[in-house]
1. Given an 8 Å cut-off on Cα distances and at least 6 residues of separation, report the relative contact order of region 1-118 as a percent.
2. If you stretched the chain out fully between Gln149 and Gln220, how much longer would it get, using 0.36 nm times the residue separation minus the C-alpha to C-alpha distance?
3. Relative contact order for region 145-323: what is it in percent, counting Cα pairs under 8 Å that are at least 6 residues apart?
4. Quick one: work out the % antiparallel among DSSP beta bridges in region 145-323, nearest 5.
5. Label-point separation (nm) for Ala319 and Tyr200, each offset 7 Å from Cα along Cα-to-Cβ?
6. Angle check, please: helix 144-154 long axis (alpha carbons) against the longest principal axis of the chain (alpha carbons), in degrees 0 to 90, nearest 10.
7. Give the calculated FRET efficiency between Gln63 and Leu228 to the nearest 0.05, with a Förster radius of 51 Å applied to their Cβ-Cβ distance.
8. Taking the simple approach of a point 7 Å from Cα along Cα-to-Cβ for both Ala79 and Lys48, what is their distance in nm?
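No lab work stands behind these numbers, since they all come straight from the coordinates. Since the structure is predicted, the reported quantities are computational estimates derived from the model, not experimental observations. Here the Cβ positions follow ideal geometry from the backbone for every residue, glycine too, while neighbour counts run over all protein chains shown.
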Amino acid sequence: MVLLTALIRVLHAEFAAPVDIVTSGPWSAPLLRGQPGVGEIFSVRSRKTPYWMSIDQQRVVQQLRARGVGPTWFCDGDAAALPLLERAGISRQYIVDVKDHPLLPGEHATQQWRRLAQIMPSGITAPHANIDAVLPGCYLEVTQDQRAQLAAWLKPKGLADQPLILMQIGNKRTMRRGPRRLAVNNKYWPNERWAEVLRYLRQRHPGHALLLLGTGPEFQLNQDLAALAGIGGLHNIADDLPIPRLVALLDRASGLVTVDSGPAHAAAAVGCPQVVLFGKALPSLYRPWGTQGADVQLLTGLIDGEPNMLGIDASSVIAAWSALKLRGT
């Protein structure tokens with residue numbers, strides 16, 4: 001959803017009107033609500049639940065019918081949600097489907113979304129075609145209210161006046177059933193290596209607080225890492241990190257160390273410098289790219305000639321951090 005801000009901002013410029021969003025999952029609405037160019041957000045819990053069993057799908061269809069038919073960009077690689085548009089009376093002639101416009105050679109994901117935003121459904125002409133003022137890449141706006149709420153949250157923790165360094169070691173597969181080293185979790189990096197990086201950060205930045213990010217299920221993973229690292233000034237906040245707070249933290253932090261993840265893209269979107277560890281995903285396609293041009297150091301590794309995050313050693317992460325231009329320096 002962070003990557004899609006590249007499409008939303010161009011559509012907003014082309015039509016000079018807010019872009020309404022249909023989305024699923026718990027993260028999209030709090031991430032996009034109030035962002036530049038975003039209009040109404042219509043949410044469904046699941047795109048794949050049978051329609052007759054899904055009250056929220058039925059509600060969204062009613063809302064879309066009331067909204068009226070108009071040009072629609074379908075950004076899901078899975079066609080499961082297309083019947084919702086059909087039920088709402090939005091026929092194919094009004095839809096630009098990403099599946100009909102695949103990636104070009106060497107194209108970054110945000111470039112694909114930017115290109116898609118300039119493709120119009122048949123019979124539709126964008127009233128405002130000049131998009132030169134829309135910078136390429138992702139962008140998230142952090143409001144003064146978000147910053148004030150973050151400061152109020154940091155104060156009782158004794159962190160209000162401290163510079164912050166953030167670390168994201170987990171990903172959406174980290175805490176699924178089974179061992180963390182399951183082959184499907186291609187973003188797993190051993191805690192022993194994370195601990196080595198944390199000890200380095202503690203030694204190099206004695207005045208910074210170190211914050212471990214994540215969602216609730218990642219809290220225990222962070223606790224295990226904290227016990228292994230054995231350093232002071234380390235805070236596990238994975239159990240208290242709603243999306244608006246996460247974005248405000250990324251906006252305030254000096255830098256971030258992370259696996260290829262949603263927080264990595266959000267960090268780029270608010271201009272937070274970062275070191276990013278990649279597994280099987282292509283950095284050329286998914287490297288964090290924000291409009292503010294913050295420094296991003298990318299790391300990849302090989303195991304038996306194949307891309308693998310386990311091929312990255314701790315010393316490489318430390319060297320990348322040493323070369324990173326931190327915020328405020």
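1. Rounded, it is 28 percent for region 1-118.
2. In short, 23.0 nm is gained.
3. 21
4. Of those bridges, close to 10 percent are antiparallel.
5. 1.0
6. Long axis of 144-154 versus the principal axis of the chain: about 30 degrees.
7. For Gln63 and Leu228, the calculated efficiency is 0.55.
8. Calculated label separation equals 1.6 nm.
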